[in-house]
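These notes concern the structure reproduced below.
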Amino acid sequence: MGFRERMSQALLKAANRVAPTEYDPKAPGSMNVGSNPPTSDVEQALDRQGMETGGPFAPGRPLDQFFPQGEKPRQWDYTTGYNIATRPRAVESGMSFDTMRELLQSYDVARLCIERREDEIRGLEWSIIPDETVNDKEDLTSQIKMVTDFFMCPDGQTPFDQWQNAFLDDVLSFDAGAIYVRKTRAGKIGALEVVDGTTIAPLIDFWGHAPDPPAPAFSQYVQGIPSVWLTRDELIYNPFRSNARSPYGTPPVEWLVMTMNTDIRWQWSFLQYFTEGTVPDTFMEAPPDFKDAKQIQEFQDLWDATMAGDQAMKHKVKWVPNGAKPIPAKDTSFDTKFPEFLLKKTCAAFKVTPEEIGFTEDSNRASGELQENIMYRASLLPLTKYLAGIYTRIIKKYFGVPLKFHFNVGEKSDKLIEAQTHQIYTQIGAESADEIRKNILGLDPDPNMPVGRFIQTNYGPLPIDQIGKMIPYMWIPSQDAGIYQKRGTPLMPTTSVSVQPPQGPDEPFAQRATQEAQRAVDEANRNDEQVENDGVEKAIAPSDDDVLTELKRWKQNSKRRVKKGRATRQFESDILPDGIHDQVWERLQSATNTEEVDRAFRGPFFW
């Protein structure tokens, strides 16, 4: 690195240090609050733009600001005395963590959704890889091993999958995942310990932001008392669904409370259906001659004595007096539409399909896979990026190495589509197989068998570096190509020749075509003088557009004939080369429908 580069970097670092101090906020206690009129230049701008009081239908002058001119805005309009709280979420408008916990423990569908996503994340493979700033020649094997060994047991005693599951449960249940960074005496990272996020109350500064160290940014409440203050360097607390109106996250259970409460009450009423209570299952209308209440009571006692005690008696036929009519007291039908609606709504809130938690429907395989792909993009991918982002920031901040945490996630359908896309790119020459091995699969190209870019044709691959060296319709070098000859004229010097495609795995077609072309050119050159004496005139090669126009005319004529039930015929043209005419006619003479005609005119052609 030269002197100029070092000086540029030094100036850039100095600029980055100076830029944040351009705004020097005063301590809130020393602010001149109240009515703060604007400066003269602002007054002039207000008057110039019609923002003063007066004038026809004017918008009016804004009220004078309470804080001094140039003060930065608050992030949100928090409640006065926000940090003076007796428990987490004490001054929030939403529900408390205790209410969320009770709902989740009582509602099985929400718990199934959370467990499903936790198991899915737990089953993903992960690795530590270099980030985008690392070049291919840099060796980071030792650093990768060091970071990987640390994450195998982040807190020193719990395996990673179990440790992550504890953190993820707080994220999905309460959106309050918290990790305490325990350091060594030397100030380096020693362990990452998962802390119950429902005991953490975020603190805010005067502007509504998280305070910078050494000021505390969090307060942990244990047994109802603020047990310890924690800074942002000591505790990692990043809500998954954050917003600008609160330092807390927004878990699905908070805005799904009506749906969860309704489903819990519905399940409770359904449980009562199978529970013995004060309401009997059926009422029996007595016969008309039962007019005495005592008589009805005697018959009731007889019936209860007969049916009680022995379950088998309930399944036998019993005779009753004439005219007795049963009236069911409970609805014997069970409609699944309403509970299914509640279930689907809960699954949608947790970004999980009903099929993922075991509720299959009458849907085809395509729609099921489509729903899985949608949920993959809506839930699994953002969640893995959220977790990988936290772990990567830990690696860069506390280890100081250019590495990142990587989850091996992917969809089957997406991978298939990606593979098909690369196949198309390879066939049209946009990329090579070696580039796919290196950039997609992470494998080194074979140095003994490098594969460059090529265009796939009906007769094999055409290397990209040979394009421009080949004449149209023919795989022979352009220096060996001459003019077209007219139909019926002898082969002229430097005239192109017809070479048929290979029929077996003998020799490469391009090599064979080159050899045939060279022999034809040599033979033509030997007879050059004799042909000229005979007065045979060289023909001028037609353009590609002219050749294509003639082929289209022949194709249209052939289609009209086969539609009328007639046989195809040869095409007389002074423009169409003999080689192309013969190849087309060889395919066309047996055509009986328009599809076979299209195949006969499908190139490429050789002559």
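The values are calculated or read from the model by the stated rules, or taken from the named source; none is laboratory data. In this text, all values refer to a predicted model and were calculated from it rather than measured experimentally. In this analysis, Cβ positions are derived from the backbone assuming ideal geometry, glycine residues included, and neighbour counts consider all displayed protein chains. Surface areas here come from the heavy atoms of the whole protein model, side chains and all, with no ligands, DNA or RNA. Shrake-Rupley method; radii C 1.70, N 1.55, O 1.52, S 1.80 Å.
The HN-Hα couplings worked out from phi for region 72-77 by the Karplus form 6.51 cos²θ - 1.76 cosθ + 1.60 (θ = phi - 60°) are 6, x, 6, 5, 7, 8 Hz, whole numbers, x standing for Gly and Pro. Once you list every other residue whose beta carbon is under 13 Å from the beta carbon of GLY55, what net charge do they have if Lys and Arg are +1 and Asp and Glu are -1? Residues close to GLY55 contribute a combined charge of 0. The charge dipole of region 99-197, taken about the Cα centre with unit charges on the Cβ atoms of Lys, Arg (+1) and Asp, Glu (-1), comes to about 440 debye, rounded to the nearest 20. Past the 30 Å Cα-Cα mark, which pairs from LYS145/LYS183; LYS137/LYS397; LYS344/LYS396? Where the Cα-Cα span goes over 30 Å, the pairs concerned are LYS344/LYS396. With R₀ fixed at 56 Å, the C-beta to C-beta distance from LEU381 to ASP289 puts the FRET efficiency at about 0.15. The share of accessible area on region 54-174 that comes from carbon and sulfur is 52 percent, using a 1.4 angstrom probe. Magnitude of the charge dipole for region 65-110, about its Cα centre and with charges confined to Cβ atoms of Lys, Arg (+1) and Asp, Glu (-1), is about 200 debye.
How large is Rg over Rh for region 203-266, taking Rg from the Cα atoms and Rh as the Kirkwood inverse mean of 1/r across Cα pairs?
1.12
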